[in-house]
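Below you'll find the structure, written out as structure tokens, and then a few comments.
Only the coordinates and a few stated rules stand behind these numbers; no lab work does. Since the structure is predicted, the reported quantities are computational estimates derived from the model, not experimental observations. Note: ideal-geometry Cβ built from the backbone for every residue, glycine included; neighbour counts use all protein chains shown.
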Amino acid sequence: MKTVYLAGGCFWGVQHFFDQFSGVISTETGYANGGKGDVTYEQVCASGSHAETVRVDFDDEIISLEQLLEYYFMVIDPFSINKQGEDMGAQYRTGIYYSDLSLKESIDAFIQKKTAELGAPLAVEVAALTDFCSAEEYHQKYLEKNPNGYCHIGKEMFEIEMKN
């Protein structure tokens, strides 16, 4: 099992999006790279220091890191700074974080390839994970509990694996 941390705007939709794919073992919403340990949603919104992030545990024999990142780029605007959909603020920044140094080379190569494909510098932060704390329980699997809840990701994106 491998783990990557993906920040892509509101974490409700990002978690729901990645939960659909074979090879994704588990996901968890949380707050990353804000320089502190445990924080609350209210503190994150007030300070903007942490990014709303989804921890994605995956079986790399079923789904590769590169495939996960390709999917990730399907649901983010990689040029937008601190904004995804209608969500604005530093906590909604895009980022790819790793705690396993062996993933860094693959992530860097992917970002280099994507930058060349898109022809402009990306606003996607790539960094080692410095801290991650789980979001409150009501944020976990939010769109499963609230199917009509707000999401910046279009509903059609939650059925990609079924179409393949």
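At 7 Å along the Cα-to-beta-carbon direction for both Gln20 and Ala127, put a label point, then send me their distance in nm to one decimal.
Roughly 3.0 nm, to one decimal.
What order, most packed first, do the peptides 154-161, 80-87, 30-37, 59-66 have when packing is the mean number of other Cβ atoms within 10 Å of each residue?
30-37, 80-87, 59-66, 154-161
Taking θ = phi - 60°, what integer Hz values does the Karplus form 6.51 cos²θ - 1.76 cosθ + 1.60 yield along region 46-53, in sequence order, with x for Gly and Pro?
6, 9, x, 6, 8, 9, 5, 9
Of the listed values (i) 14.6, 41; (ii) 15.4, 44; (iii) 16.6, 57, grab the one calculated as Rg and Dmax of the Cα atoms in Å from the structure here.
(i)
Any chance you could count the Lys pairs in region 2-163 whose alpha carbons are under 25 Å apart, treating pairs 8 or more apart or on different chains as valid?
23
When the helix-only estimate is applied to the chain (DSSP H runs of n ≥ 4, each -39,500 (n - 2.57), divided by the residue count), what is the mean residue ellipticity at 222 nm, nearest 500 deg cm²/dmol?
Helices in the chain give a 222 nm mean residue ellipticity of -8000 deg cm²/dmol.
Work out, step by step, the length gained on full extension between Asp77 and Lys104: first 0.36 nm times the residue separation, then minus their alpha carbon distance; give nm to one decimal.
The Asp77-Lys104 span can extend by a further 7.6 nm.
What size of dipole, in debye to the nearest 20, comes out for region 2-163 about its Cα centre when the only charges are +1 on Lys and Arg C-beta atoms and -1 on Asp and Glu C-beta atoms?
Dipole size: approximately 340 debye.
Run the numbers on region 2-163 and let me know its relative contact order in percent, using alpha-carbon pairs under 8 Å that are six or more apart.
36
With only alpha-carbon atoms in the gyration tensor, what are the semi-axes of the equivalent ellipsoid for region 57-98, in Å, largest first?
24, 10, 7
Roughly how large, in nm² to one decimal, is the mean projection of the convex hull of the alpha-carbon atoms in region 93-133?
3.1
If you count, for each residue, the other Cβ atoms within 10 Å and average over each peptide, how do 100-110, 16-26 line up from highest to lowest?
The most tightly packed comes first, giving 16-26, 100-110.
Tell me which of His50, Leu129, Ile25 sits at the most positive position along the dipole axis of region 2-163, charges placed on C-beta atoms (Lys, Arg +1; Asp, Glu -1).
Final value for the positive-end residue is His50.
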